[in-house]
């Protein structure tokens, strides 16, 4: 895609869609403020965890969320993923100035997840084997992959569509894409978009078996990177038409400019080495937003820290942004909180929202610069002030060749 000078943004003949509230749960704590503080501090929240034993694994680190405060009746019966989802949704709705329940409003829930209540399902199986067939049936209440979205809809009184995307690590970003389209076409006035996933034995063991994990907290785009670090949590963004938000007295945070997606059949776990199909998702997002590649100010990268993924993502940026890709600031959020799997695209959209609102990019933990072979401008060491920041893009690259891109812009009334 050829470079060109920055020009006026093309406004397409369709409603402008904004984010009016955000919520999050991560290893840094419960709430967006905890996530913002950890990200800006330049310190990682990845460390030893106690969700389950890791003695038999090659790694013993993860981004585990601390215990959180009860938010509703029956909180103790919810799965970890359900709690992450509900807390994030309640925080986002509160910031958006929406009263709950949302019954009677035109609202929908669009979520990404890859584990659902898997941790609790594992506990059920453990009790079945260990206790000889008398497990607690309540552990299966959140078994389904759709449980986090359904929990949010049930507790917030959402009467519109409730949809769950499960496309590996691209799920959260694809959920935002579905929410954006639902608002644009008038299916809903308000969309809660996000994702939630919890650490589970199956996923932790699986990534260790693939040897895709780092024995240290992950180091995206660094020379010594060896793999990813798993994390857990949830993130939710409230999307609505700009005129709808303004009319009810809300203050838009950012504008959702466009999204794009693609899928390739290169490999079940490895990305296309030259970034061809990931670039197709970026180009689709730019076309959806009516933007040129030169309009993008910075990238919140997928940045898992695996050698193949980081190199493929660098190839994607070079393919899309040309020589300018070496000068574009890059954030690597997974170095702070780990990889949230189905919720990764959602929490990274929250990170972009904070950057656009604050005019500041968070650093990747550690003082060592990026791998010279990758030739990227990795933000590290300290936050980077960007007061003129206007447009950001995030990439999500999932197993099975699922690729997604989300573009957010500073809100201009």
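Going by the conditions given, is residue 291 on the phi < 0 side of the Ramachandran plot and not assigned by TED's automatic domain parsing to the domain that holds residue 366? Taking the combined requirement at face value, the residue does not satisfy it. Scanning the range 327-347 for residues that are out of contact with any helix residue (DSSP H, G or I) (no Cβ under 8 Å at 6 or more places or on another chain) and in a helix (DSSP H, G or I) gives a single hit, 335. The condition of being touching a residue at least 12 places away in the same chain (Cβ under 8 Å) and not assigned by TED's automatic domain parsing to the domain that holds residue 382 holds for only one of 252, 363, that being 252. Among the residues of the range 17-33, write down those that are over 12 Å from residue 337 (Cα atoms) and either crowded, with 20+ Cβ neighbours inside 10 Å or not assigned by TED's automatic domain parsing to the domain that holds residue 190 (or both). Scanning the range 17-33 gives 17, 18, 19, 20, 21, 22, 23, 30, 32.
If you go through the range 274-320 and keep only what is farther than 18 Å from residue 406 by Cβ, part of a loop (DSSP other than H, G, I, E, B) and within 21 Å of the chain's Cα centre (by Cα), you end up with 305, 306. The condition of being assigned to a loop (DSSP other than H, G, I, E, B) and assigned by TED's automatic domain parsing to the domain that holds residue 27 holds for only one of 59, 121, that being 59. For the range 345-353, the count of residues that are more than 23 Å from residue 291 (Cβ to Cβ) and outside the structural domain of residue 66 (by TED's automatic domain parsing) is at least one.
Could you pull out the residue among 139, 180 that is surrounded by fewer than 24 Cβ atoms within 10 Å (Cβ to Cβ), in a helix (DSSP H, G or I) and out of contact with any helix residue (DSSP H, G or I) (no Cβ under 8 Å at 6 or more places or on another chain)? Residue meeting the stated conditions: 180. Inspect the range 227-242 for any residue being out of contact with any strand residue (DSSP E or B) (no Cβ under 8 Å at 6 or more places or on another chain) and modelled with pLDDT of 95 or more and give the result as yes or no. Checked against the condition, which is being out of contact with any strand residue (DSSP E or B) (no Cβ under 8 Å at 6 or more places or on another chain) and modelled with pLDDT of 95 or more, the range 227-242 yields no hits at all. Among all residues of the range 34-42, there is at least one that is free of Cβ contacts under 8 Å to residues at least 12 places away in the same chain, assigned to a helix (DSSP H, G or I) and either in contact with a strand residue (DSSP E or B) (Cβ under 9 Å, 6 or more places away or on another chain) or not assigned by TED's automatic domain parsing to the domain that holds residue 229 (or both). All of (1) more than 27 Å from residue 177 (Cα to Cα); (2) in contact with a helix residue (DSSP H, G or I) (Cβ under 9 Å, 6 or more places away or on another chain); (3) at pLDDT 95 or above; (4) surrounded by 16 or more Cβ atoms within 10 Å (Cβ to Cβ) hold for residue 384 with one exception: (2).
Within the range 84-128, being farther than 14 Å from residue 144 by Cβ and free of Cβ contacts under 8 Å to residues at least 60 places away in the same chain holds for 99, 100, 101, 103, 104, 123, 125, 126, 127, 128.
Got at least one residue in the range 13-33 being assigned to a helix (DSSP H, G or I), modelled with pLDDT of 95 or more and at negative phi? Yes, the conditions are met somewhere in the range 13-33. Please tell me if residue 313 is more than 30 Å from residue 210 (Cα to Cα) and either surrounded by fewer than 22 Cβ atoms within 10 Å (Cβ to Cβ) or touching a helix residue (DSSP H, G or I) at 6+ places or on another chain (Cβ under 9 Å) (or both). The answer is no for residue 313.
Checked against (1) closer than 21 Å to residue 223 by Cα; (2) at pLDDT 95 or above; (3) surrounded by fewer than 24 Cβ atoms within 10 Å (Cβ to Cβ), residue 303 meets all criteria but (3). Restricting attention to the range 72-111, the residues being in a loop (DSSP other than H, G, I, E, B) and either at pLDDT below 95 or out of contact with any helix residue (DSSP H, G or I) (no Cβ under 7 Å at 6 or more places or on another chain) (or both) number 11.
The values are calculated or read from the model by the stated rules, or taken from the named source; none is laboratory data. Bear in mind that the values here come from a model prediction, so they are computed numbers and not experimental data. All Cβ positions, glycine included, derive from the backbone under ideal geometry; neighbour counts span all protein chains shown.
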